[in-house]
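**Student:** I am attaching a structure below and will ask some questions about it afterwards.
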Amino acid sequence: MKQSMIIPKLKSYCKTLLDRTALWLQLTIFMVLITTLVAGYLIYKDYTSTRNLTITNQINTTEKILNLELENLEHYLQDLANFCIQPYYDSRFTRIVEQNTPLTSEQVAYAKQQMSYYYYTRNDILDYELYLLHQDMSIGRTNGQQHIISKDLAPDGINEALLDCEENSLNHSIRASDSFKSLIYYHSLFQIKGRVSQAIVRLKLDDSYAKQLIENHAEHGEIIVFLNEKEEIIFSNQEALSKISQEFLSALSSRKQRAKGYETVKFMGQPFLLVEAESKNTGIRLVSLTPLSYIDSQIGKLRQSILVSGLWVWLFTILFIYMLLRLLTIPLRFLSTQMQKTGEGDFRSRIHVTGSTEICGLAESFNSMVSHIDQLIQRTYVAELSEKDAKLAALEAQLNPHFLYNTLQAVSTEALINEQPQIHRMITALASNLRYTIKGDTLVPLKQEMIYVEDYIFLQKIRMDDALTFTSSIDPAAEECLIPKISIQTLVENSIIHGKSGNTDRIHIDITAQYNDTNVIITVRDNGCGISPEQLDKLYADFDLQKNTGKYGGIGLANLHSRIRLLYDKPASLDIHTQEKQYTEIVLTLPVTKGVPYV
């Protein structure tokens, strides 16, 4: 199934599910979801903050310890350096060291005596050996020998150590022992002038310092590593490190900087927190690797406490939300029940609920609506009971105009018999107008409307004598178009009443009707007193309000404007053009309508 089809179906299913679910349940689920997300976020944030704080504390503590140990190590190395240069404190021994000619037996014996004396001043030295470069002779005690001896044999690695000492600013070199639990210390002796090396001292130290360092870091699986300035491992509490030293150095070089500012390395299949301290003077480094699993175990109990506390808070919050939503939606359930009763026909009972301003307002609006519906129903019942009387009254109302019309016909006949043709014409026109007004359709042909208008003007001319003149020009194509009944007569009546309202003695009315494919345009123009701007504004305001003031005669222009807006779906308009004391022209624009008129 395409994704474009799945999404609309899923939306439709969710909408159907929501429509079948109670409001209180929807709100409860929503609030539970929001609360769960917020609680989960807070628990996670609290946990991560605690973890980061624990890591920070671990780093700070380890850094302080490493810096103190590094400072002690520097002092220790400085003591070793002072010990190695003791021959220079003895002028005789110094001459032996610097002598280029072969030593006498007496000189060798003196060197052995002094070396023995120096050896027993320290209890941390396992091997003590002085190699004289000019004599190619080694004097000292190695491999558990009982006495200081001399031999014409350079110690292993002495040449490499000498090069390291000459390159080092402190003239020493630190190497690892075979067991990686102690260190071998080299220090060169040289002349101040020219810094030419004369001899090199080799010390093999016991593991007392290493034991102390390892003891300080023996807990929680921490790995402590001592590196010299050439990044060679001197000793470590991890014995296997001597076999995988290259792997360790590779892991050390691939350290990762975390966003919180601490560094980690992955070594032997697990992540470690990396903390190190480096001496600016000697270049030696102490590296501490603390398993992150230990830190996680440290905060494990705290994490459990946070989860339990968060769970209790979450449960109490959910219970509170449930009770609150049930309390808020009970009035709505009452209102829903009452609406069902109202739908079944019960318009007498009312609902009285409390809870909030909105709910009370909703209940009052519902009660008002039901009361209003009940009143309308009662009125409908009364209207049904009075229907018969209303029909009788309507019939009586129709009888009166017919009676008047028949009477006028009788008077007209009597006037003709008595040779009064003018009176006969007047009564006939009046009767025709009366019949036109009480019969016919809402829309009538333009030709029929003009007959009615001509009869109306005939009667007005008899009343006004020569003060009223009239002309018309009707497009034959427009004669069959349907227009609102008594529309042109309303415009003519407005011209007569309003145009003669001033001091005008005579008034001329001209009616034209033009036809095009879409509209019939009817214009009624008079040369009366015109309309003032104030009156014109008031008239257009009546158009906007669809008021029928009747101020300008008959049914009124505002009523005609309202009628054409109701009768036509297409745009129709009534426009007034006037100049005060000169003329008034009203243009009625109607959509072309032919055929059967509207009833």
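**Student:** With the structure loaded, tell me whether Arg51 is in a helix (DSSP H, G or I) and within 30 Å of Phe190 (Cβ to Cβ) or whether it fails that test. Reasoning before the result, please.
**Tutor:** On the way: in a helix (DSSP H, G or I): yes; within 30 Å of Phe190 (Cβ to Cβ): no.
Spelling it out, it is not the case that Arg51 is in a helix (DSSP H, G or I) and within 30 Å of Phe190 (Cβ to Cβ).
**Student:** Tell me, which residue of the stretch 22-49 that is surrounded by 15 or more Cβ atoms within 10 Å (Cβ to Cβ) and not hydrophobic (A, V, I, L, M, F, W, C) is farthest from Leu289 (Cα to Cα)? Talk me through it step by step, then tell me what you get.
**Tutor:** At the first step, the residues of the stretch 22-49 found to be surrounded by 15 or more Cβ atoms within 10 Å (Cβ to Cβ) are 24, 27-28, 31-32, 35, 39, 43, 46-47.
Subset that is not hydrophobic (A, V, I, L, M, F, W, C): 28, 35, 46-47.
Values: Thr28: 49, Thr35: 40, Asp46: 26, Tyr47: 23 Å.
By that ranking, first place goes to Thr28.
**Student:** Out of the residues in the stretch 344-376 that are part of a helix (DSSP H, G or I) and at pLDDT below 70, which is least open to solvent (accessible area, probe 1.4 Å)? Walk me through it before giving the result.
**Tutor:** Restricting attention to the stretch 344-376, the residues satisfying the condition of being part of a helix (DSSP H, G or I) are 357-376.
Filter once more, keeping what is at pLDDT below 70: 358-359.
Numbers: Glu358: 137, Ile359: 23 Å².
The extreme case among them is Ile359.
**Student:** Any chance the stretch 82-90 includes a residue that's open to solvent by less than 40 Å² (accessible area, probe 1.4 Å), over 20 Å from Lys204 (Cβ atoms) and in a helix (DSSP H, G or I)? Outline the logic, then answer.
**Tutor:** We begin by selecting, within the stretch 82-90, every residue open to solvent by less than 40 Å² (accessible area, probe 1.4 Å); these are 83-84, 87, 90.
With over 20 Å from Lys204 (Cβ atoms) added as a condition, the list becomes 90.
From what's left, in a helix (DSSP H, G or I): none.
Taking every residue of the stretch 82-90 in turn, none turns out to be open to solvent by less than 40 Å² (accessible area, probe 1.4 Å), over 20 Å from Lys204 (Cβ atoms) and in a helix (DSSP H, G or I).
**Student:** Going through Ile174, Ile125, Ile139, Ile149 one at a time, which residue ends up being buried (at least 17 other Cβ atoms within 10 Å of the Cβ) and more than 25 Å from Phe226 (Cβ to Cβ)? Before the answer, list the steps.
**Tutor:** Working: Ile174 fails: more than 25 Å from Phe226 (Cβ to Cβ); Ile125 fails: more than 25 Å from Phe226 (Cβ to Cβ); Ile149 fails: buried (at least 17 other Cβ atoms within 10 Å of the Cβ).
After ruling out the rest, the residue left standing is Ile139.
**Student:** Can you pull out every residue in the stretch 181-219 that is open to solvent by 50 Å² or more (accessible area, probe 1.4 Å) and either touching a residue at least 60 places away in the same chain (Cβ under 8 Å) or under 30 Å from Arg95 (Cα atoms) (or both)? Spell out how you get there, then give the answer.
**Tutor:** From the stretch 181-219, those open to solvent by 50 Å² or more (accessible area, probe 1.4 Å) are 181, 191-196, 204, 207-208, 211-212, 215-216, 218-219; that's our starting set.
Selection gives Gln191, Ile192, Lys193, Gly194, Arg195, Val196, Lys204, Ser208, Asn216.
**Student:** Does Thr101 satisfy the condition of being among the β-branched types (Val, Ile, Thr) and in contact (Cβ under 8 Å) with a residue 40 or more places away in the chain? Don't jump to the end; show me each part of the working.
**Tutor:** On the way: among the β-branched types (Val, Ile, Thr): yes; in contact (Cβ under 8 Å) with a residue 40 or more places away in the chain: no.
So Thr101 fails the test.
Yes/no per residue for (1) more than 30 Å from Thr329 (Cβ to Cβ); (2) hydroxyl-bearing (Ser, Thr, Tyr); (3) touching a strand residue (DSSP E or B) at 6+ places or on another chain (Cβ under 6 Å); (4) at pLDDT 75 or above:
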residue: Ser12; (1), (2), (3), (4): no, yes, no, no
residue: Val32; (1), (2), (3), (4): no, no, no, yes
residue: Leu37; (1), (2), (3), (4): no, no, no, yes
residue: Leu42; (1), (2), (3), (4): no, no, no, yes
residue: Leu53; (1), (2), (3), (4): yes, no, no, yes
residue: Lys64; (1), (2), (3), (4): yes, no, no, yes
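**Student:** Out of the residues in the stretch 262-305 that are open to solvent by less than 10 Å² (accessible area, probe 1.4 Å) and among the aromatic types (Phe, Trp, Tyr), which is farthest from Ile233 (Cα to Cα)?
**Tutor:** Per the stated criteria, the residue is Phe272.
**Student:** Restricting the search to the stretch 513-538, which residues are of a type in the set (Val, Ile, Thr) and closer than 16 Å to Ser573 by Cα?
**Tutor:** Residues of the stretch 513-538 of a type in the set (Val, Ile, Thr): 518, 520-524, 531.
Hits for the stretch 513-538 are Thr518, Val520, Ile521, Ile522, Thr523, Val524.
**Student:** Next up: Cβ-Cβ below 6 Å, separation at least six or inter-chain, first residue in the stretch 297-326 and over 27 Å from Ile55 (Cβ atoms), second β-branched (Val, Ile, Thr) and open to solvent by less than 70 Å² (accessible area, probe 1.4 Å): which pairs?
**Tutor:** Here the result reads Thr317/Thr35; Ile318/Val32; Tyr322/Thr28; Leu325/Thr28, each pair linking the stretch 297-326 to a residue that is β-branched (Val, Ile, Thr) and open to solvent by less than 70 Å² (accessible area, probe 1.4 Å).
**Student:** OK, next. Confirm whether Glu239 is buried (at least 17 other Cβ atoms within 10 Å of the Cβ) and over 22 Å from Arg141 (Cβ atoms). Working first, answer last.
**Tutor:** Working: buried (at least 17 other Cβ atoms within 10 Å of the Cβ): no; over 22 Å from Arg141 (Cβ atoms): yes.
When the stated conditions are applied, Glu239 does not pass them.
**Student:** Provide a single number: the residues in the stretch 288-307 that are touching a helix residue (DSSP H, G or I) at 6+ places or on another chain (Cβ under 7 Å) and either among the β-branched types (Val, Ile, Thr) or closer than 28 Å to Glu74 by Cβ (or both).
**Tutor:** The first filter runs over the stretch 288-307 and keeps only residues touching a helix residue (DSSP H, G or I) at 6+ places or on another chain (Cβ under 7 Å), leaving 288, 290, 295, 298-299, 302-303, 306-307.
If we keep only those that are either among the β-branched types (Val, Ile, Thr) or closer than 28 Å to Glu74 by Cβ (or both) as well, we get 288, 290, 295, 299, 306.
So the count comes out to 5.
The values are calculated or read from the model by the stated rules, or taken from the named source; none is laboratory data. This one's a predicted model, so the numbers in the text were calculated from it and none came from an experiment. FYI the Cβ positions are ideal-geometry reconstructions off the backbone, even for glycines, and counts take in every protein chain you see. Ligands, DNA and RNA are excluded from the accessible area calculation, which covers all protein heavy atoms including side chains. Shrake-Rupley method; radii C 1.70, N 1.55, O 1.52, S 1.80 Å.
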